[in-house]
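> For reference, the structure I am asking about is given below.
The values are calculated or read from the model by the stated rules, or taken from the named source; none is laboratory data. Everything quoted here is computed from the prediction, not taken from an experiment. Here Cβ is always computed from backbone atoms with ideal geometry, including for glycine, and neighbour counts include all displayed protein chains. Remember, those area values only see protein heavy atoms, side chains included, never the ligands or the DNA or RNA. Shrake-Rupley method; radii C 1.70, N 1.55, O 1.52, S 1.80 Å.
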Amino acid sequence: MEHTVKIKICGLMSLEDVAAVNEAKPEYAGFVLAKSRRRISREHARLLRMELDPSVTAVGVFVNELPQIVAGYLEDGIIDVAQLHGQEDERYIHRLRLLTGQPLIKAFSIRTPEDLAEAEKSSADLVLLDHGSGGTGERFDWKLLRSAKRPYLLAGGITPENAGAAVSAYRPYGIDVSSGVETDGKKDAKKIMEIVRRIRNAER
């Protein structure tokens, strides 16, 4: 069954995390390949990717990384999609496009209507709207989403408790969650199952 709202569980770090995602069946799983407490190495990402259910799209999260390094992950099949979470501009995206034909997600920090307008001009395949640098568990003013004109992934402060309401109210293209499905800084299989269940229920 094709679900209208896509779900991305980000920041997978262990085989247990992958097993939880394989059971819950979100559309996307994210590996953080940039400086972060959730960062994993290229070799570790490759290992986790090999264990990931083939129906789940692997996304690599980068921050101001050299385009050729990002392209290398994509072309080697370690990830299917690159998510750019730094100050990557249109010139950067153009350079990356010359190196790879794989899909790109560009993250934007949303605080004002102007931030949203800027995100909507991006040439990335998909934009991700977040509170700040990502993984902080904080949310921006979702009322700003009422004027959104293009599909977006919603991130920042999403938990099993508020995910259903976010889907019902704003109908985003997708929901991206990381800290909201963690307990004591580690992915929690029960919370992953619960957020997927609530989002699926909210779609009905």
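> Identify the residue in segment 178-196 that is touching a Gly at 6+ places or on another chain (Cβ under 9 Å) and not in a helix (DSSP H, G or I) and, among all such residues, is surrounded by the fewest Cβ atoms within 10 Å (Cβ to Cβ).
Among those that are touching a Gly at 6+ places or on another chain (Cβ under 9 Å) and not in a helix (DSSP H, G or I), it is 182.
> Hey, among 96, 84, which residue is open to solvent by less than 10 Å² (accessible area, probe 1.4 Å), in contact (Cβ under 8 Å) with a residue 24 or more places away in the chain, more than 24 Å from residue 179 (Cβ to Cβ) and in contact with a helix residue (DSSP H, G or I) (Cβ under 9 Å, 6 or more places away or on another chain)?
That would be 96, the only listed residue that is open to solvent by less than 10 Å² (accessible area, probe 1.4 Å), in contact (Cβ under 8 Å) with a residue 24 or more places away in the chain, more than 24 Å from residue 179 (Cβ to Cβ) and in contact with a helix residue (DSSP H, G or I) (Cβ under 9 Å, 6 or more places away or on another chain).
> State all residues of segment 46-63 that are surrounded by 20 or more Cβ atoms within 10 Å (Cβ to Cβ) and either at pLDDT below 95 or not hydrophobic (A, V, I, L, M, F, W, C) (or both); if no residue qualifies, say none.
Those that are surrounded by 20 or more Cβ atoms within 10 Å (Cβ to Cβ) and either at pLDDT below 95 or not hydrophobic (A, V, I, L, M, F, W, C) (or both): 49, 60.
> Return yes or no: is residue 98 in a helix (DSSP H, G or I), more than 21 Å from residue 22 (Cα to Cα) and not aromatic (Phe, Trp, Tyr)?
yes
> Against the definition (aliphatic (A, V, I, L, M), buried (at least 20 other Cβ atoms within 10 Å of the Cβ) and assigned to a loop (DSSP other than H, G, I, E, B)), how does residue 199 come out, yes or no?
Spelling it out, it is not the case that residue 199 is aliphatic (A, V, I, L, M), buried (at least 20 other Cβ atoms within 10 Å of the Cβ) and assigned to a loop (DSSP other than H, G, I, E, B).
> Still on this structure: Restrict the check to segment 117-135 and report whether at least one residue is assigned to a helix (DSSP H, G or I), within 18 Å of residue 10 (Cα to Cα) and touching a Lys or Arg at 6+ places or on another chain (Cβ under 9 Å).
Checked against the condition, which is being assigned to a helix (DSSP H, G or I), within 18 Å of residue 10 (Cα to Cα) and touching a Lys or Arg at 6+ places or on another chain (Cβ under 9 Å), segment 117-135 yields no hits at all.
> With respect to the numbered conditions (1) closer than 23 Å to residue 87 by Cβ; (2) surrounded by fewer than 21 Cβ atoms within 10 Å (Cβ to Cβ), which one is the sole condition not fulfilled by residue 43?
Of the numbered conditions (1) closer than 23 Å to residue 87 by Cβ; (2) surrounded by fewer than 21 Cβ atoms within 10 Å (Cβ to Cβ), the odd one out for residue 43 is (1).
> May I pose another question? Name the residue, out of 156, 132, that is at pLDDT below 95, at positive phi and not hydrophobic (A, V, I, L, M, F, W, C).
Answer to the selection: 156.
> Further question on the same structure: How about segment 1-22: which of its residues are touching a helix residue (DSSP H, G or I) at 6+ places or on another chain (Cβ under 7 Å) and not in a loop (DSSP other than H, G, I, E, B)?
7, 9, 15, 18, 20, 21, listed by residue number.
> Scanning for something more than 17 Å from residue 178 (Cβ to Cβ), open to solvent by less than 70 Å² (accessible area, probe 1.4 Å) and in contact with a Pro (Cβ under 7 Å, 6 or more places away or on another chain), does segment 64-72 turn up at least one residue?
Within segment 64-72, not a single residue is more than 17 Å from residue 178 (Cβ to Cβ), open to solvent by less than 70 Å² (accessible area, probe 1.4 Å) and in contact with a Pro (Cβ under 7 Å, 6 or more places away or on another chain).
> Further question on the same structure: Consider segment 143-168. How many of its residues are farther than 13 Å from residue 110 by Cβ and of a type outside the set (Lys, Arg)?
12
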